[in-house]
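Report on the following structure.
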Amino acid sequence: MPSLGADMEAGTLVEWVKHPGDPLKRGDVIAVVDTQKGAIEIEVFEDGVLEKTIVEPGRKVPVGTVLAIIHGSGPAPLPVERSASPTPLAPPAPSPPPITPSLERAGRARISPMARKVAADHGVDLAHVTGTGAQGAITREDVERAAAALEAASATPSAASTDRLTPMRAAIAAAMARSKREIPHYYLSTTIDLRAGLAWLRAENERRAVTERLLPAALLIKAVALALREVPELNGHWIEGRFRKGAGIHIGVAISLRGGGLVAPALHDVDTVNLTALMRQLQDLVARARSGSLKSSELADPTITVTNLGEQGVEAAFGIIYPPQVALVGFGKIMERLWAVAGKAEIRPLVTATLSGDHRATDGHRGGLLLSAIEGLLQTPEKL
Amino acid sequence: MTSDEIRQTVIDALTRIAPEIDPASIEVGTSFRDQLDLDSMDFLNFVLALHDRLRLDIPEADYPSLSTLDGAVAYLAAKLDASRLSEASRLLTP
């Protein structure tokens, strides 16, 4: 069971899309898993042949459980044992310590007395708790997180449900509480003149068919992606005490769901995609996020998050970093305001861009460079 | 297409984007964005749905006309009339 983000503790296998004996190619959807974020299509990360499925549809298992064994390009299939190390279905998502199937560690795990007490109070089985303390020790926070997930899970009807709000709220609460506890945030803000960007967009949309039109969000997201090339230390993850640069610029886009809750699935390699394609991907992503059908890579891959709360009318949004990412860029509402230009007062469309940064990975100086790079890029929209 | 059919088309497009809304509760003169909590992506999808159903080209500059139920019905009726007229004149031109 792959981790599809820091806030995921377990998932329910809904169905096997591939069956024993089926050849698999990287990117193929092998199974569908139900999580608080909807039904997620699990993608394969290596070529091979599906040897055996282990978890039956309908079962809910913790992150790290072996779901199936894939016979890769190696010589012989591995014996089917829980402790065997078959080709993983998905690379361990870059969430911090979790991952290792906690079952294997039972007996060896270091558990603080306070954690034991909290576990007993909440009826949490410590064998299913992933430790994030020193050498994988289970801390009180780990147990509290597991207890919250347990509570959320028990509130979920076993089948795929339309009522995801309670477990989703619990998952958001767990991830955000962890972020606030572990990440020393710093916050920066800058005001960006969007006259050039919006004028270009208007002219562009005038000549485009309805199906090809762009939204300002596409411009903003692309500008963030290109700016990250200049300040790569804000694009990646903080894992085990150090920063690991992202394998690409995969921007998690915060998407609010109708009826409440949100997800931030990734648009992949945004810096290399042109605006028309980016817009189409964004439309597709929003539609699938809202209908509850995202792919595992979209949930596991984001290297930074962008939130566009301006849609709801706020002037600025200072976000909470989604661990193990190290930064979050927020855009407020685009508003016409008086703005001094070369000594004269003019009315300009302005947007407030903010950065929440992880002080362990960067400092305000580098963060400031990112915001000014975004500002600069938005002055020449035709180059985005 | 009658004005009632256009109205129904608009409501269908909206309920596809926001399935939880009760069509009867839509206030005819209040902006969709305000009463239905639509964001710019929802609004773009709304325009796309109208484009698909009515085969009309709706320029971005006209989006404000689509912001309320009454406004949208009036705008689309006029637009459909105009496109029928231009179609007819095209056919009559030798």
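With helices as the sole contributors, the protein assembly as shown gives -11500 deg cm²/dmol at 222 nm; each DSSP H run of n ≥ 4 counts as -39500 (n - 2.57), and the sum is divided by every residue. If you average the C-alpha positions of region A:341-366 and of region A:299-324 separately, how far apart do those two centres end up, in angstrom? Using only Cα atoms, the two centres lie 15 Å from each other.
Here the dipole of the protein assembly as shown is about 960 debye; that uses its Cα centre as origin and unit charges on the Cβ of Lys and Arg (positive) and Asp and Glu (negative).
Computed 3J(HN,Hα) for region A:234-251, one whole-Hz value per residue from the Karplus formula 6.51 cos²θ - 1.76 cosθ + 1.60 where θ = phi - 60°, is 9, 10, x, 9, 9, 10, 6, x, 8, 7, 10, 5, x, 6, x, 9, 10, 8, glycine and proline marked x. In terms of surrounding Cβ atoms within a 10 Å radius of their Cβ, A:Met176, A:Met279 rank from fewest to most as A:Met176, A:Met279. Using a 7 Å offset from Cα along Cα-Cβ at B:Ser25, what residues in region A:259-274 end up with backbone N under 20 Å from the label point? The answer is A:259-261. Taking other Cβ atoms within 10 Å as a rough exposure proxy, A:Lys52, A:Lys344 sort from fewest to most as A:Lys344, A:Lys52. You can think of it this way: the chain between A:Asp363 and A:Ala196 has 57.1 nm of extra reach, that is 0.36 nm per residue less the Cα-Cα gap. Within the shell of other residues whose beta carbon sits under 14 angstrom from the beta carbon of A:Ile30, the net charge comes to -3, with Lys and Arg scored +1 and Asp and Glu -1. Projected over every direction and averaged, the convex hull enclosing the alpha-carbon atoms of region A:283-329 yields 4.0 nm². Amide H contacts for A:Leu350 (H built 1.01 Å from N in the peptide plane; partners 5 or more residues away or on another chain; cut-off under 5 Å): A:Leu194, A:Met335, A:Glu336, A:Arg337. Express the Stokes-Einstein translational diffusion coefficient of the protein assembly as shown in µm² s⁻¹, to the nearest whole number, given a Kirkwood radius over alpha-carbon pairs, 4 °C and a viscosity of 1.567 mPa s. The estimated diffusion coefficient comes to 53 µm²/s. Gain on full extension, evaluated as 0.36 nm per residue between A:Arg244 and A:Leu165 minus their Cα-Cα distance, stands at 25.2 nm. Basic side chains Lys and Arg get +1 at the Cβ, acidic Asp and Glu get -1 at the Cβ, and with that the dipole of region A:245-384 about its Cα centre reaches some 160 debye.
You can think of it this way: the chain between A:Ala287 and A:Asp271 has 3.6 nm of extra reach, that is 0.36 nm per residue less the Cα-Cα gap. Distance between the modelled labels on B:Ser86 and A:Lys52, one decimal in nanometres: 6.7 nm (7 Å Cα→Cβ projection).
Could you list, in their original order, any pairs among A:Lys295/A:Lys383; A:Lys18/A:Lys52; A:Lys245/A:Lys333; A:Lys60/A:Lys295; A:Lys25/A:Lys60 whose Cα atoms are separated by more than 21 Å? Exceeds cut-off: A:Lys295/A:Lys383; A:Lys245/A:Lys333; A:Lys25/A:Lys60. Calculate the FRET efficiency for A:Glu15 and A:Leu338 from the Cβ-Cβ distance with a Förster distance of 56 Å, rounded to the nearest 0.05. My answer for the efficiency is 0.45.
Here, each number is a calculation from the coordinates, and none is a lab measurement. The model shown is predicted, which means the values in this text are computed figures rather than measured ones. All Cβ positions, glycine included, derive from the backbone under ideal geometry; neighbour counts span all protein chains shown.
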